[in-house]
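The values are calculated or read from the model by the stated rules, or taken from the named source; none is laboratory data. Here the structure is a predicted model, which is why all the values come from computation and not from measurement. With ideal geometry, Cβ positions are generated from the backbone for all residues, glycine too; neighbour counts draw on all protein chains shown. When the accessible area is computed, the model is the full protein with side chains, heavy atoms only, and any ligands, DNA or RNA have been set aside. Shrake-Rupley method; radii C 1.70, N 1.55, O 1.52, S 1.80 Å.
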Amino acid sequence: MPAMLVLGIESSCDETGVALYASGDGQLLAHALHSQVAMHQAYGGVVPELASRDHIRRAVPLLRQVLAESGRALADVDAVAYTQGPGLAGALLVGAAFAEALATSLGVPTLPVHHLEGHLLSPLLSKTPPRFPFVALLVSGGHTQLMRVTGVGHYELLGETLDDAAGEAFDKTAKLLGLGYPGGPALAQLAEQGRPDAFKLPRPMLNSGDLDFSFSGLKTAVLVQVRALTQDGATLDDRQRADIARAFQDAIVEVLVKKALRAVKESRLQQLVVAGGVGANRELRRQLDMRAARQKISVFYPELEFCTDNGAMIALAGALRLQAGASASPAKAAGAFAVRPRWPLADLTP
Ligand code: KG4
Ligand code: ZN
């Protein structure tokens, strides 16, 4: 297959990402990102309608930036990949409409991409990428899944969360501790100052005998601790908040690490890929690296900038699908394309 220049567009939640990827030599030529975090901060969470409107504002300037940085022209683009789902319906529609309209005007095909497939393949953008087959731990704000990955489009679900996603648990617990939005990174930072074992929290489903997770009880356990400490009108002091953050992070990290390594062993594989926003967590990386090394398992992470949502992983997923023989679809007019706000990854076919 000749080298293709694939434009990638991500707009599933609160980040607009655009990137240009050359499939021939597997090079990311340029990528640009706009995060809406500052805009949603005042509301304590993502406001879907505001997210959609902001994606509209950002798409063209980000595209211009990517073209300028790569030194390529729009006419050089061979295909447009975009996130079709899962995510916020309105936000997805902005990216889909933008991508389909652009592709129509250029006379090139489109590649609708599954957001989680983008996350899962994102470590392949690194200098030392994993090789198929591997086990992937997908830990984002909306998903916590263990997948057995044997090739592009070959994803077997091994286990997943029965309730809250890992990122969601981080965010909700952060809110309980008054850390605002997005709470995950703030909670992780606070946890670095906490003392180990100052508070004891459960390790949900650690010994459940399967590869599923459950994190909503952990958040409740934190709530119970906070209530007990503040029942006579007291407020938590900085040390208590840091200790609770540490206890929470230690609990969630231990469960994720042990179950992910168990999944690799049970699959008789040697490689683990960690992707999604929570994959940026430093303690998770420390613990995984340490325990995996003992079991001769190699762990692969995306570069930090590609852990959270971005356009590069979407361009990459589109390009890899083309290389694997998938056909791109002709660009569609308004009304003829659809987004998939709910879309199980294991439903994907090569
Ligand atoms: O993959 P992502 O950018 O978006 C989704 O597809 O959900 O993941 C965002 C999630 C949020 O829940 C955020 O709090 C969490 O990842 N996150 C972290 C860290 N950085 C981002 N959680 C824990 N520690 C971090 N350092
Ligand atoms: Zn994501």
| task | State all residues of the stretch 1-53 that are in a helix (DSSP H, G or I), in contact (Cβ under 8 Å) with a residue 24 or more places away in the chain and away from ligand 1 (no atom under 16 Å from the Cβ); if no residue qualifies, say none. | result | 49, 52
| task | Evaluate the stretch 85-106: report whether one residue or more is touching a His at 6+ places or on another chain (Cβ under 9 Å), on the phi > 0 side of the Ramachandran plot, open to solvent by less than 20 Å² (accessible area, probe 1.4 Å) and not assigned by TED's automatic domain parsing to the domain that holds residue 265. | result | yes
| Among the residues of the stretch 118-132, is there at least one that is without any contact (Cβ under 8 Å) to a residue 12 or more places away in the chain and not in a helix (DSSP H, G or I)? | yes
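Say whether the condition of being of a type in the set (Val, Ile, Thr) and over 20 Å from residue 270 (Cβ atoms) is met by at least one residue in the stretch 122-135.
So far as the stretch 122-135 goes, no, none of its residues is of a type in the set (Val, Ile, Thr) and over 20 Å from residue 270 (Cβ atoms).
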| message | Checking the structure you have, find out if any residue of the stretch 204-217 is open to solvent by less than 60 Å² (accessible area, probe 1.4 Å) and assigned to a helix (DSSP H, G or I). | response | yes
| remark: If we ask which residues in the stretch 42-78 are open to solvent by 40 Å² or more (accessible area, probe 1.4 Å) and within 24 Å of residue 331 (Cα to Cα), their number turns out to be 14
| message | Looking only at the stretch 282-323, how many residues end up being farther than 19 Å from residue 271 by Cβ and in a loop (DSSP other than H, G, I, E, B)? | response | 4
| request: Kindly indicate which of 328, 312, 324, 317 is open to solvent by 60 Å² or more (accessible area, probe 1.4 Å) and in the same structural domain as residue 62 (by TED's automatic domain parsing). | output: 324
| Scope the stretch 270-309; condition of a type in the set (D, E, K, R), open to solvent by 30 Å² or more (accessible area, probe 1.4 Å), touching a residue at least 12 places away in the same chain (Cβ under 8 Å) and closer than 16 Å to residue 137 by Cα; matching residues | 282, 285, 291, 303
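Which of the residues that make up the stretch 227-246 are part of a helix (DSSP H, G or I) and farther than 17 Å from residue 175 by Cβ?
228, 238, 239, 243, 246 - these are the residues of the stretch 227-246 that are part of a helix (DSSP H, G or I) and farther than 17 Å from residue 175 by Cβ.
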| Filtering the stretch 179-190 down to residues that are over 19 Å from residue 39 (Cβ atoms) and in contact with a helix residue (DSSP H, G or I) (Cβ under 8 Å, 6 or more places away or on another chain), which residue is farthest from ligand 2 (Cβ to nearest atom)? | 190
